[in-house]
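Have a look at the structure below before the remarks.
The values are calculated or read from the model by the stated rules, or taken from the named source; none is laboratory data. If you're wondering where the values come from, they're calculated on a predicted model, not measured in any experiment. When we count neighbours, we look across all protein chains shown, and the Cβ atoms used for this are built from the backbone with ideal geometry, even at glycine. Please note that ligands, DNA and RNA were not included when accessible areas were found on the heavy atoms of the full protein model with its side chains. Shrake-Rupley method; radii C 1.70, N 1.55, O 1.52, S 1.80 Å.
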Amino acid sequence: MSKKLLIFLTIISFSLVTLVLLRDINTRSVERWDEQTNIDVVSESLTDNIFYISYKQEPFFEKPPLWYFLTIIPVLYAGQSLVSYRIVSVISALLIILLTYLLVSKRSGPRAGLLSILAYLFIPQLYLVNPAGYFSSHTFNSADLDTLQIFFIVFSIFALFYDKKPTPLLIALSYFALALGYLTKGPFVLLPLFLNTIYLKRKGLKLKGLFYYLTIFLIPVLLWHLYMQLTFGNDFTSAYVNYHILQRGFTPLEGHVEPLLFYLQLFFDPRLNLLALPITISILSFLRSGKKDSLKKYLLIFILLVMVLLTLTATKLAWYILPLYPLGIIFLFI
């Protein structure tokens, strides 16, 4: 395949994924859970105080503020429409796909990069609401926080692994991206934070360096927690920390009870994910080969830990599995 043809097909593939993401963002009805709440929070904050995130005239403690702040920008300048409310997720999804392409192309060549773009079209759960009858209202183009957080996680991996030896700047950006991921949707980013730190420690980075990069993550996260605690006191602690983090993990909230192997069921259901078998074969092949590939090891541990943690989490929602898909696609094609 000639270089020009490859570039042309890559542009066409990326354009096709873009069209899929944009196809219904202004016509699809708003989902009652959680899209409507997110839209209401942004709308109310615009009419009251754009620096004060509120819902029904009360401080909004359910999630950190970054997605809401970013979504205020298109709504403020382009008006209140479904496109404005969903565009942050669409842009985040396109950036995830772009980073996937760049990382795969660097590791395995532009043909593999092209296939990694097309692979995103084989995961219906990324685009369809309630696919195959599962309750799954969060997608890559819904007015929800998931896609933005996944972007920051993928960027963190990209910054750490794009070069064989990441520069201090790239490592700092990797940790700062995880801080922004926390400020988007909370503590799920602690998992890649842990893996990043273990990886760098095994690569020979001294404790002083690790402490420096961890500080880059901790400063914005702790400042937000400190501000919220000083401003709202026990109301914040009770609503955000106790209910939305601790209780969600240990007790099934709002009736979201599913079988123990619910996430394996989702992952291997071809109506949601057509790449389950290729990804599984790729994982088994890598394990049998005994090859020492740092990125593949990182991704494999990440995927397995996510699956275990989701399985052990009491509150089970189908969209919690969304971060696994970009990880699986990168693993499949590098």
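Here the accessible area of the range 256-319 is 71 percent carbon and sulfur, with a 1.4 angstrom probe and all protein chains present.
Along the charge dipole of the range 71-206, pointing to its positive end and built from +1/-1 on Cβ of Lys, Arg, Asp and Glu, which listed residue (VAL83, ALA179, LEU94) has its Cα farthest out? The residue sitting most towards the positive pole is ALA179.
Spatially, the range 100-149 and the range 304-334 are offset by 13 Å when compared through their Cα centroids. The calculated pair-distance distribution of the range 49-138 uses every alpha carbon pair, bins of 5 angstrom beginning at 0, and gives 3, 12, 14, 15, 17, 15, 13, 8, 4, 1, 0 percent. Shape class of the range 174-332 from the Cα gyration tensor (axes a ≥ b ≥ c, square roots of the eigenvalues): oblate, since a/c reaches 1.5 or more and a/b does not exceed b/c.
Descending by average beta-carbon neighbour count within 10 Å, the peptides 161-172, 318-329 line up as 318-329, 161-172, the highest first. In terms of Cα atoms, the Rg and Dmax of the chain work out to 19.9, 63 Å. For the chain, a Gaussian network of Cα nodes joined below 10 Å ranks LEU19, LEU82, LEU115 by mean-square fluctuation, and the top entry is LEU19. Over the chain, with a Gaussian network built from C-alpha contacts below 10 Å, which listed residue (LYS297, LYS185, LYS56) shows the highest mean-square fluctuation? Evaluated over the chain, the most mobile residue of the options is LYS56.
Report, in debye and to the nearest 20, how large the dipole of the chain comes out about its Cα centre when Lys and Arg carry +1 and Asp and Glu carry -1 on their Cβ.
Numbers: 27 positive and 17 negative charges, 430 e Å.
Its charge dipole is roughly 2060 debye.
With helices defined as uninterrupted DSSP H runs, which ones in the chain have an alpha carbon span along their own long axis of at least 30 Å and mean Kyte-Doolittle hydropathy of at least 1.0? Helices meeting the criterion: 82-108, 207-232. Apolar share of the accessible surface for the range 125-232: 74 percent from carbon plus sulfur atoms, 1.4 Å probe.
Length gained on full extension, SER285 to LYS164, computed as 0.36 nm times the residue gap minus the Cα-Cα distance: 41.3 nm.
Each 5 Å bin, from zero up to the one with the longest distance, holds this percent of the alpha carbon pairs of the range 1-118: 2, 11, 18, 17, 13, 11, 10, 9, 6, 3, 1, 0. For the chain, the relative contact order comes to 20 percent (Cα pairs under 8 Å, sequence separation of at least 6). Taking amide H positions as modeled 1.01 Å from N, with prolines and chain starts lacking one, the residues under 5 Å from GLU258 and 5 or more places away or on another chain are LYS316. Pairs exceeding a 32 Å alpha-carbon distance, out of LYS4/LYS297; LYS63/LYS106; LYS106/LYS201; LYS106/LYS208; LYS4/LYS164; LYS63/LYS292: LYS4/LYS297; LYS63/LYS106; LYS63/LYS292.
Let me check something: with ligands and nucleic acids excluded, how do HIS138, HIS225 order by accessible area (1.4 Å probe), largest to smallest?
Numbers: HIS138 5, HIS225 40 Å².
Largest to smallest exposure gives the sequence HIS225, HIS138.
With contacts defined as alpha carbon pairs under 8 Å and 6 or more residues apart, what's the relative contact order of the range 1-152 in percent? Value for the range 1-152: 29 percent. Largest GNM mean-square fluctuation among ALA179, ALA132, ALA276, using the chain with Cα springs under 10 Å: ALA132.
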